[in-house]
Amino acid sequence: DKILFNSKWSQKRFFINIENDELLKQKTSVCYQSTSIQKLNFKNKRKLISFIGKLNSAKGYDLFGDAIIKILDKYPDWKSIVIGDEPREKLSFNHENLKIYGYTKHNEVLKLLNKVSISVICSRWEEPVGRVSLEAASRGCAIITSNTGCLPETSKYSLKLKNLYVFDLKKTLNKLIKNKSHLLKKQKESYKGFFLTHK
């Protein structure tokens, strides 16, 4: 009866070079992925920055790695966690305040996000759906994303990187870390603005 897409971005891609797209759109709908939401105490947030996903350049892990080492050097009371793996591309970053978990079960990822203050999703690849950003929003993280694919759809209040450069990511992280009230505002906006619930 209908073709379902997991984002408006992927729906638009389907209609490229199709002349009668209005007729075809009558037979398609967008059904986003979703996640749970729970009560959150922002006092439990730690000075923690996350990167979750494949550890490759398409996901922007090289960009994140270069930026996070500089940030952790500048702010020794902050820490970072990385969740994911990538056997095809070897990008290695080491710091005493950087912990790399590798593959992690989904329920454990959600528990970790409850503690995360800032979640970075700096993908170069045009994401068909930004699952990490919607889950980070549901757990009240301040979110930094690239402006690619459907990422802008998954969190209304994310801070969007205009350019995918180490300098730009570092600058955005600096602004959040140095201004506690701005950080808390972005966390609460993400949480209150989250709409992709299972319901």
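Using the Cα gyration tensor of region 135-174, with a ≥ b ≥ c the square roots of its eigenvalues, what is the shape: rounded (a/c below 1.5), prolate (a/b larger than b/c) or oblate (neither)?
Details: a/c = 2.93, a/b = 1.40, b/c = 2.10.
Because a/c hits 1.5 or more and a/b fails to exceed b/c, region 135-174 counts as oblate.
Where a Cα-Cα gap under 13 Å defines reach, which aspartates and glutamates qualify for Lys79, not counting those fewer than 8 residues away within the same chain?
Glu96
Can you tell me how the chain classifies by the Cα gyration tensor, rounded, prolate or oblate, using a/c under 1.5 as the rounded cut?
Taking the square roots of the gyration eigenvalues as a ≥ b ≥ c, the chain is prolate.
So what is the accessible area of the chain per residue, in Å², with the probe set to 1.4 Å?
56
So which of Lys170/Lys199; Lys115/Lys171; Lys74/Lys115; Lys25/Lys175 end up more than 31 Å apart, counting from Cα to Cα?
Lys170/Lys199; Lys25/Lys175
For every helix of n ≥ 4 consecutive DSSP H residues, a contribution of -39,500 (n - 2.57) applies; sum these over the chain, divide by its total residues, and give [θ] at 222 nm rounded to the nearest 500 deg cm²/dmol. It would help to have the intermediate numbers written out before the result.
Details: 8 runs with 74 residues, N = 199.
Dividing the helical sum by the residues of the chain leaves -10500 deg cm²/dmol.
Using the beta-carbon distance between Asp73 and Asn44 and R0 = 35 Å, what value does 1/(1 + (r/R0)^6) give for FRET efficiency, to the nearest 0.05? All intermediate terms of the calculation are to be shown ahead of the outcome.
Values: r = 26 Å, r/R0 = 0.75.
Efficiency, from the Cβ-Cβ distance: 0.85.
Among rounded, prolate and oblate, which fits region 107-191 when a ≥ b ≥ c are the square roots of the eigenvalues of its C-alpha gyration tensor, a/c under 1.5 means rounded, and a/b larger than b/c means prolate?
Oblate.
If the reach is capped at under 17 angstrom between alpha carbons, list the lysines near Lys90, excluding any in the same chain fewer than eight residues apart.
Of all the lysines, those that pass the test against Lys90 - Cα under 17 Å, at least 8 places apart if same chain - are Lys54, Lys59, Lys99.
Give me the percent of accessible area attributable to carbon and sulfur for region 46-199, probe 1.4 angstrom.
C and S atoms contribute 52 percent here.
Kindly provide the chymotrypsin sites (Phe, Trp or Tyr not before Pro) of region 73-180 that DSSP labels as loop, not H, G, I, E or B, and whose Cβ sees at most 15 other Cβ atoms within 10 Å.
Answer in residue order: Tyr103, Trp125, Tyr165.
How far is the Cα center of region 24-83 from the Cα center of region 153-180, in Å?
11
Tell me, in nm to one decimal, what length is gained between Lys160 and Lys90 on full extension, where the rule is 0.36 nm per residue of separation less the Cα-Cα distance?
That works out to 22.5 nm of additional length.
Please give the contour-minus-distance gain from Ser57 to Ile100: 0.36 nm per residue of separation, less the Cα-Cα distance, rounded to one decimal in nm.
Stretched fully, the Ser57-Ile100 segment lengthens by 13.8 nm.
Looking only at GluC sites (Glu not before Pro) in DSSP loops with at most 10 other Cβ atoms within 10 Å, what is the longest site-free stretch of the chain?
On the way: sites that count: Glu19, Glu96.
The reported range is 97-199.
The values are calculated or read from the model by the stated rules, or taken from the named source; none is laboratory data. These figures come from a predicted structure and were not determined experimentally. All Cβ positions, glycine included, derive from the backbone under ideal geometry; neighbour counts span all protein chains shown. Areas reflect the complete protein model, heavy atoms only, side chains present, ligands, DNA and RNA absent. Shrake-Rupley method; radii C 1.70, N 1.55, O 1.52, S 1.80 Å.
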